[in-house]
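Engineer: Below is one structure. I have some questions about it.
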């Protein structure tokens, strides 16, 4: 076995140029296959992240049609929608909000933050976890308390290293008491800073930051029983269509998100899939041609091996083993190249960078399959060589 | 029982409509331990006969008994296994594999030896050790890590003989073994074959060289596909 391997490798090293081109032929296919699987995995991961953030049972209604630029400034929705939706059965955690970038200041300094006027449940519904102090209470909403829950970036800016609870900030010109700080949330996939936010009760926002005229930017609720999901979504759509034109709002559900993102990844998959399959098939043909030329130029060697007692099977195994070495070398080189290329390619596709084992396994399997398939016919031909004639083919 | 018994061996080649009869009915009995030279002019069919004897080629008709068993009914793969076990070839053109060292070239036939034979033949010696012993004997131990291109013609042919001996065959077949060698190297190669014969190996050499043929016990002369004379050599 050891001798067999040693002999095999010597043979491949002896024909460096041939081996190089054989590997090169397969390499392109391997690399593109790795990249495509990684890209698909990355976009699936992104879809799942978005859905997880959204909640699998939640429905989000935003102002404006999807894909029409920033929606934060649009206020097509209203408290009337909220009230009508709240009457539906089978929903919970209904909340709504409005946002405006506003100057927030303390006595000595000021910064720009996203100030949100929010309904009850907002913090829990969006999964903001209180780290210090407390969240809003019903009393805060009822009594129009000027209280704020702030993000880490805000608290670290005004009171680095201090406990901000009970401190006062000015939103616009109105003083608010800080009652809570939420846990760091990082950034959205689009790069929005989730920790530079200030939340205050909606009614208070209306009286201090700006007049809302009962408008809201976002409505969100969750569904008690997900089997009723589509019925409820249709009921909500009916309410919204009654109050607005279809372009005024977008209903975002996990199904929509998934459909949208998987549509993207299906396009990816199709395009890159065709590209990499083509590359592999072409590589396979190249390899096959190389092996045909090879078995003919080494025909005397095959004749000799037969004279020494090689059976057909041994001749086939021998040549398939050579192609297997080519396959493994291509898979390894391709994987290294893939690892090096994944970050730049996936980032340029706006997909989270992932190194899925699946990608490398699929690429390796394809590489081996293509190589074995490509070498099989030359190998079979070689095994059928007549030994006496083959021995006469030696080029002196 | 004879080692090999050929009866009525004929070989016909077809090129389109033209049939050429290379061998026209060969009867030949070869005893174990014989040293035979097959001589004749080129085109006489002596190489074809050697390849048939070596189970590399099949006759168009006739029978071939190896140790009393008919071998022409066997499949190609079964013939391959018999070759690995019974026969060592030495060729005019050496046929050493260029990317393997001398030692690896000698070890090459081992991978084709059927497992049972391998167990039997190498029960008391490691194959690698045996290969080194042969090389040592043929004066090649200081060349064992050389590539064939670094060897002289005589060294190449001695490597080829070492390879032919690797699987401990019953029969050694040599096709013009001195054809590409100068007379001194040729002589050395024939001396080796003679010595192997003395040790009990059966040796068949095909040659058109009278000098080479004179090493054999028996000279079989072929002309136009027939054995025209069978004689004992004066030297033995």
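Read-outs throughout are calculated quantities, based only on the coordinates presented, and are distinct from any laboratory measurement. Note that the structure is predicted; figures quoted are calculated from it, not measured. FYI the Cβ positions are ideal-geometry reconstructions off the backbone, even for glycines, and counts take in every protein chain you see.
Engineer: What value, in deg cm²/dmol to 500, does the helix sum -39500 (n - 2.57) over DSSP H runs of n ≥ 4 give at 222 nm once divided by the residues of chain B?
Structural biologist: Rounded to the nearest 500, the figure is -9500 deg cm²/dmol.
Engineer: Now, a different point. For region B:13-95, just say rounded, prolate or oblate: build the C-alpha gyration tensor, square-root its eigenvalues into a ≥ b ≥ c, call rounded for a/c under 1.5, and beyond that prolate if a/b exceeds b/c, oblate if not.
Structural biologist: In terms of gyration-tensor shape, rounded.
Engineer: Report, to one decimal in Å, the Kirkwood hydrodynamic radius for region A:180-308 based on all distinct Cα pairs.
Structural biologist: 22.2 Å
Engineer: Here is a follow-up. Take chain A, connect every pair of alpha-carbon atoms lying under 10 Å apart with a spring to form a Gaussian network, then pick out the residue of A:109, A:276, A:321 with the largest mean-square fluctuation.
Structural biologist: Evaluated over chain A, the most mobile residue of the options is A:109.
Engineer: Compute a Gaussian network model of chain A, connecting alpha carbons closer than 10 Å, and tell me which residue from A:76, A:243, A:386 fluctuates the most.
Structural biologist: A:386
Engineer: From Cα pairs below 8 angstrom and at least 6 apart in sequence, can you work out the relative contact order of region B:128-236, rounded to a whole percent?
Structural biologist: Relative CO of region B:128-236 lands at 19 percent.
Engineer: Across peptide A:298-308, what mean number of C-beta atoms from other chains lies inside 10 Å of a residue's C-beta?
Structural biologist: Averaged over the peptide's residues, the number is 6.
Engineer: When DSSP assigns beta bridges and you keep just the ones with both residues in the protein assembly as shown, what percent turn out antiparallel, to the nearest 5?
Structural biologist: 70 percent
Engineer: Once the piece of chain linking residue A:52 and residue A:130 is laid out straight, how much longer is it, given 0.36 nm per residue of separation minus the C-alpha distance between them?
Structural biologist: Taking 0.36 nm per residue and subtracting the Cα distance, the gain is 26.1 nm.
Engineer: Do you know the relative contact order of chain B, to the nearest whole percent, from alpha carbon pairs under 8 angstrom that are 6+ apart?
Structural biologist: Rounded, it is 29 percent for chain B.
Engineer: Would you mind computing, in nm to one decimal, how far apart the modelled labels at residue B:21 and residue B:61 are, each placed 7 Å from Cα along Cα→Cβ?
Structural biologist: Label at residue B:21, label at residue B:61, 0.9 nm between them.
Engineer: Which residue, B:175, B:85, B:224, tops the fluctuation ranking in a GNM of chain B built on C-alpha contacts under 10 Å?
Structural biologist: B:224
Engineer: Give the Debye-formula value of log10 I(q)/I(0) at each listed q (0.07, 0.09, 0.17 Å⁻¹), with one equal scatterer per alpha carbon of chain B, two decimals each.
Structural biologist: -0.22, -0.37, -1.31
Engineer: Considering region A:86-151, what Rg and Dmax in Å follow from its alpha-carbon atoms?
Structural biologist: Values for region A:86-151 (Cα only, Rg and Dmax): 14.0, 50 Å.
Engineer: Return one number: the angle in degrees, 0 to 90 and rounded to the nearest 10, between the long axis of the Cα atoms of helix A:229-243 and the longest principal axis of the Cα atoms of chain A.
Structural biologist: 50 degrees
Engineer: Under the definition of partner shielding as Cβ atoms of other protein chains within 10 Å of a residue Cβ, what is the mean value for peptide A:310-318?
Structural biologist: That works out to 4 on average.
Engineer: Step by step: find N for region A:77-243, compute 2.2 N^0.38 Å, then divide the Cα radius of gyration by it. What's the final number?
Structural biologist: 1.09
Engineer: Right, next: For Cα pairs less than 8 Å apart in space and 6+ apart in sequence, what is the mean separation divided by the residue count of region A:77-243, i.e. the relative contact order in percent?
Structural biologist: 34 percent
Engineer: Compute the semi-axes of the equivalent ellipsoid of the protein assembly as shown, taking the square root of 5 times each eigenvalue of the Cα gyration tensor, and list them largest first in whole Å.
Structural biologist: 91, 25, 18
Engineer: What nm value, rounded to one decimal, do you get for the distance between residue A:193 and residue A:248 when each label is placed 7 Å out toward the C-beta?
Structural biologist: 3.5 nm
Engineer: Restricting to region A:77-243, compute how many DSSP beta bridges are antiparallel as a %, nearest 5.
Structural biologist: Around 75 percent antiparallel, to the nearest 5.
Engineer: Okay, moving on. How much of the DSSP beta bridge set in chain B is antiparallel, as a percent to the nearest 5?
Structural biologist: Rounded to the nearest five, the antiparallel share is 55 percent.
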